[in-house]
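**Student:** For reference, the structure I am asking about is given below.
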Amino acid sequence: MMGKLSATAIVERALEIGDTEGLDAVTIRRLATDLGVTPMALYWHFKNKEQLVVGLADHLIAGFAPESDDDDRPWRERMRDLIEGLVRLLRTHPCAKSVLEQVDQVAVPSFLAVWDLALGLARRAGFDTEQSCLISKYILQSAIAIADAPVHYSARYTPEEAAEIVRRKRVTLQSLPADRYPYLVEMAAPMVGGISRETYDTFGVDLILSGIESLAARR
């Protein structure tokens, strides 16, 4: 097993644990046990958990990190792909948020590629260096906020429990005084769970891009 153990196999198992039990459950000892090796076998690839998290982040982001800059599509299309890729990553892997928040991003090659791409696209849109830096930061934080929203409660509850939570919240809003909170009463159903995840995510990305496009058009 030791001869066949690869960094990819270690990281993929770490990702499975992180997604189901949280990043705190990912330890060298736990991975060694799960992979049927001694902790020393893992140290050949990752000296400590900090390096392991870097490897985990690199593996996660590599799926949509640009391999080259020869994509000649308009900056809007490429920026949409970037934001949607981040949201999809965060939606698919529950531990991704913790990984991105804890890792030293400068140490992650794939993250550097995505970061550099975001900066370059902002410059192509006509923003100056300071504004481009802000846009790159807002893109990441906005993607985290979109993906972190509990559009559905499937991650923590059964479908029946989720439906009951939504029902109670809806009834609570609909029971408010309509003369004081007319729009909360009117929009109670979509407010608490009547919006699909696809619609939620797509509208969120549209909102971010529309803001960037509006600012770019003024330049």
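**Student:** Restricting to segment 98-121, and then to whatever is free of Cβ contacts under 8 Å to residues at least 40 places away in the same chain and of a type in the set (A, V, I, L, M, F, W, C), can you tell me which residue is surrounded by the fewest Cβ atoms within 10 Å (Cβ to Cβ)?
**Tutor:** V106
Yes/no per residue for (1) aliphatic (A, V, I, L, M); (2) in a helix (DSSP H, G or I); (3) assigned by the TED database to the domain that holds E84; (4) open to solvent by less than 60 Å² (accessible area, probe 1.4 Å):
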position	(1), (2), (3), (4)
G126	no, no, yes, yes
K137	no, yes, yes, no
A143	yes, yes, yes, yes
A162	yes, yes, no, yes
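**Student:** Count, please, the residues in segment 179-219 that happen to be of a type outside the set (A, V, I, L, M) and open to solvent by less than 90 Å² (accessible area, probe 1.4 Å).
**Tutor:** Here the count works out to 17.
**Student:** Could we say that R218 is within 26 Å of A125 (Cβ to Cβ) and among the charged types (D, E, K, R) here?
**Tutor:** yes
**Student:** Pairs only if they're at least six apart or on different chains, beta carbon under 8 angstrom, first in segment 44-65 and within 18 Å of P94 (Cβ to Cβ) and surrounded by fewer than 17 Cβ atoms within 10 Å (Cβ to Cβ), second aromatic (F, W, Y) and at pLDDT 90 or above; list them, first residue then second.
**Tutor:** none
**Student:** Restricting to segment 66-79, name every residue that is outside any loop (DSSP other than H, G, I, E, B) and open to solvent by 70 Å² or more (accessible area, probe 1.4 Å).
**Tutor:** Scanning segment 66-79 gives R76, E77.
**Student:** Something else: May I ask you to list pairs of residues, at least six apart or on different chains, whose Cβ atoms are under 7 Å apart, with the first in segment 85-97 being of a type in the set (G, A, S) and the second being open to solvent by 10 Å² or more (accessible area, probe 1.4 Å) and modelled with pLDDT under 90?
**Tutor:** G85/F64
**Student:** Does segment 167-175 include one or more residues that are surrounded by 13 or more Cβ atoms within 10 Å (Cβ to Cβ) and touching a residue at least 40 places away in the same chain (Cβ under 8 Å)?
**Tutor:** Within segment 167-175, not a single residue is surrounded by 13 or more Cβ atoms within 10 Å (Cβ to Cβ) and touching a residue at least 40 places away in the same chain (Cβ under 8 Å).
**Student:** Return the pair list, or none, for Cβ contacts closer than 9 Å from residues in segment 3-18 that are in contact (Cβ under 8 Å) with a residue 40 or more places away in the chain and within 15 Å of D58 (Cβ to Cβ) to residues that are among the hydroxyl-bearing types (S, T, Y) and open to solvent by less than 60 Å² (accessible area, probe 1.4 Å), at least 6 apart or on different chains.
**Tutor:** Close Cβ pairs satisfying both conditions: G18/S98.
The values are calculated or read from the model by the stated rules, or taken from the named source; none is laboratory data. Just so you know, these numbers come straight off a predicted model, no measurement behind them. All Cβ positions, even for glycine, are placed from backbone atoms using ideal geometry, and neighbour counts span all protein chains on display. Remember, those area values only see protein heavy atoms, side chains included, never the ligands or the DNA or RNA. Shrake-Rupley method; radii C 1.70, N 1.55, O 1.52, S 1.80 Å.
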